[in-house]
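The values are calculated or read from the model by the stated rules, or taken from the named source; none is laboratory data. These numbers were taken from a predicted model, which means no experiment stands behind them. In this analysis, Cβ positions are derived from the backbone assuming ideal geometry, glycine residues included, and neighbour counts consider all displayed protein chains. Each accessible area value is taken on the protein alone, full model and side chains, heavy atoms only, with ligands, DNA and RNA left out. Shrake-Rupley method; radii C 1.70, N 1.55, O 1.52, S 1.80 Å.
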Amino acid sequence: MSEQKRATRRRQQDHGGQPRRIPRQQRGRERFEKILAVAAELIEQHGSDGLKMSEIVEEAGLSFGALYQYFPDKTSIIRTLAERFNEEGRRCVEAELAKVADPAGLKAALANIVDEYYAFFRREPVMRDIWHATHTDKLLQQVDAEDMEFLAQAFLAVLVRLWPNRDRVELLAIARLTMQLLAAAVRYAVSLDAEEGARAIALFKTMQLVDIGRLVR
């Protein structure tokens with residue numbers, strides 16, 4: 001049996017969407033990172049739908065067995081890249097929300113988050129494609145759902161701090177909807193050309209980022 005067939009048989013026994021293992025030794029980490037770097041380049045060229053494990057093997061100079069040692073399928077690669085980009089986005093949100101001391105500060109923080117997310121997706125075409133993939137692939141939808149819930153909980157913590165007497169269920173609903181609307185606005189804006197996208201973001205901030213205090217009095 002060829003190496004490719006043996007590797008294929010092994011990976012079919014795994015659940016997709018997750019890396020098989022995260023290497024600890026330097027050589028393994030370097031190979032792991034090379035796979036991700038090559039995959040990102042291929043996604044930028046052909047899109048996530050066009051990503052092929054055979055091309056990663058060829059471009060990275062690895063065997064199929066070496067590739068499947070870390071990633072059982074392309075979904076696991078895309079998921080790993082998505083989670084890394086999400087970590088960067090979470091750091092941005094947490095940094096902005098940490099500055100909030102009053103309702104006016106909350107409005108400013110949300111505006112900054114919108115601007116930073118929009119700029120991030122503009123300069124990272126690979127992430128734009130991966131973001132689309134997380135909404136069309138059932139396994140990857142979990143990644144997006146987990147990220148949105150993390151952001152909503154971070155926002156909720158600020159709302160609870162600013163309005164401690166309000167119903168927590170109500171505040172959670174506001175937090176979740178705010179983050180969903182923010183993400184949808186950015187997703188729409190990055191689908192436009194740069195000038196029109198910037199106008200869409202400015203309009204969204206004018207329309208949507210009202211004083212949250214009006215909702216929780």
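Could you please let me know if residue 24 is outside any helix (DSSP H, G or I), closer than 18 Å to residue 143 by Cβ, over 19 Å from the mean Cα position of the chain (by Cα) and at pLDDT below 90? Criteria not met by residue 24.
Quick grid of which residues meet (1) out of contact with any strand residue (DSSP E or B) (no Cβ under 8 Å at 6 or more places or on another chain); (2) within 28 Å of residue 122 (Cα to Cα); (3) open to solvent by 70 Å² or more (accessible area, probe 1.4 Å):
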position: 38; (1), (2), (3): yes, yes, no
position: 41; (1), (2), (3): yes, yes, yes
position: 50; (1), (2), (3): yes, yes, no
position: 54; (1), (2), (3): yes, no, no
position: 62; (1), (2), (3): yes, no, no
position: 65; (1), (2), (3): yes, no, no
position: 90; (1), (2), (3): yes, yes, no
position: 94; (1), (2), (3): yes, yes, yes
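Which of the residues belonging to the stretch 149-166 are buried (at least 18 other Cβ atoms within 10 Å of the Cβ) and not in a helix (DSSP H, G or I)? Within the stretch 149-166, just 163 meets the criteria. Within the stretch 128-144, the presence of a residue that is surrounded by fewer than 16 Cβ atoms within 10 Å (Cβ to Cβ), free of Cβ contacts under 8 Å to residues at least 24 places away in the same chain and under 22 Å from residue 102 (Cβ atoms) is excluded. Residues of the stretch 179-199 that are without any contact (Cβ under 8 Å) to a residue 24 or more places away in the chain, over 28 Å from residue 158 (Cβ atoms) and open to solvent by 50 Å² or more (accessible area, probe 1.4 Å): 191, 193, 195, 196, 199.
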